[in-house]
1. Wrap a convex hull around the Cα atoms of the range 127-283, take a quarter of its surface area, and give that in square nanometres.
2. Could you give the length gained on full extension between Ala26 and Asp119, defined as 0.36 nm per residue of separation minus the Cα-Cα distance, in nm?
3. In the structure displayed, which of Lys162/Lys267; Lys158/Lys277; Lys218/Lys284; Lys113/Lys139; Lys158/Lys267 lie more than 20 Å apart, Cα to Cα?
4. By a straight-distance test (C-alpha under 20 Å), which aspartates and glutamates pair with Lys89 as possible cross-link partners, with residues fewer than eight away in the same chain excluded?
5. Report the full-extension gain for the segment Thr242 to Asp55: residue separation times 0.36 nm, less the Cα-Cα distance, to one decimal in nm.
6. Carbon and sulfur atoms: what percent of the 1.4 Å accessible area of the range 170-281 do they account for?
7. Among Phe273, Asn178, Ser247, which residue has its Cα furthest toward the positive end of the charge dipole of the range 156-278, with +1 on Lys/Arg Cβ and -1 on Asp/Glu Cβ?
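The values are calculated or read from the model by the stated rules, or taken from the named source; none is laboratory data. Note that the structure is a prediction, hence the values are computed from the model and not measured. Because the Cβ atoms are built from the backbone with ideal geometry, glycine has one as well, and the counts that use them run over all protein chains shown. Remember, those area values only see protein heavy atoms, side chains included, never the ligands or the DNA or RNA. Shrake-Rupley method; radii C 1.70, N 1.55, O 1.52, S 1.80 Å.
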Amino acid sequence: MQRLYPPTGRDSIPPERLLRALLLQAFFSIRSERQLVERIDFDLLFRWFVGIGVDDPVWDATTFTKNRDRLLAGEVASRFLASVLAQPKVRTLLSTEHFSVDGTLLEAWASTKSFRPKDGSGPPPDAGRNGEQNFRGRKRSNDTHASTTDPDAQLYRKGPGKEAKLCFMGHALMENRNGLIVDALATRASGHAERLAALHLVEPHADRPQKITLGGDKGFDTRDFVAELREINVTPHLAQNTSGRRSAIDGRTTRHPGYAISQRIRKRIEEAFGWAKTVAGLRKRLERGHFVWPQAKGGVVSLTPAQLSMLLEGIDWR
């Protein structure tokens, strides 16, 4: 049995190979990591990009699960994506003065049947692997209930009349020149999460003498949020919410032509969300538990596989 293992222990998989494989999964819309491993096994293009020889064995699909924390702790993905934005070819496409922010719901990898009372007082599910649950007439809230599968997931709905789902919230910051995502993170779903995340995302870009602008939808039109933006030298180009209330955005902001431009361009951030959910597979999270993307950047930057491979090899393009 000892002869099955090398003298230094079992060989580990380089993190850059795992990152390359995850990039292929997003670019080619591969639904699962198991299908990704199967594709790497027989596709020579995938083997070349990942860095595996023609006759080398491919790792098991569970390797992604076991090493995901290692990738996040080492900030491998964030450093790689930050280097993409630092390229001269990409840097010339980015605006440093005008930004837009928005959020979207990311479904949790948990069923609503797992949303049960925290004190364990609920009736047990019916027998079977997927027992029936009847929620009619029962009041469920995040204060009294939690998912047994993913306790960090929150029951949340997008708006009045919409169905409630166990989910998280994804937030993105877009520059307005070419509509590229320059920062993103994920948080728990709540009514204040979008505004708190927006402040966190835009604050590093506001550390400059000149003012910058931030576009957003009606959900950001609150007095507290507008005051916070002005305090950090950000001009709020937010859509006015006048439904039974007075907007915090007045004529001092709306009279400028730049406000109308920001309101027109800010909607392009939905294209990034659409790409992430339909192509990159982010409609539903593939993991469980709370996590934050400190610098999940460059989601819509277009690079060839050769350029990405050169970046991962540490070549300085500047």
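1. On the way: hull surface 50.4 nm².
Here the figure is 12.6 nm², rounded to one decimal.
2. Working: separation 93, 0.36 × 93 = 33.48 nm, distance 3.99 nm.
Net length gain for the segment: 29.5 nm.
3. On the way: Lys162/Lys267 22 Å; Lys158/Lys277 16 Å; Lys218/Lys284 25 Å; Lys113/Lys139 14 Å; Lys158/Lys267 17 Å.
Exceeds cut-off: Lys162/Lys267; Lys218/Lys284.
4. Result set, ordered by chain and number: Glu97, Glu175, Asp183, Glu313, Asp316.
5. In short, 60.9 nm is gained.
6. Working: 2780 of 5630 Å².
That share works out to 49 percent.
7. So the residue we want is Ser247.
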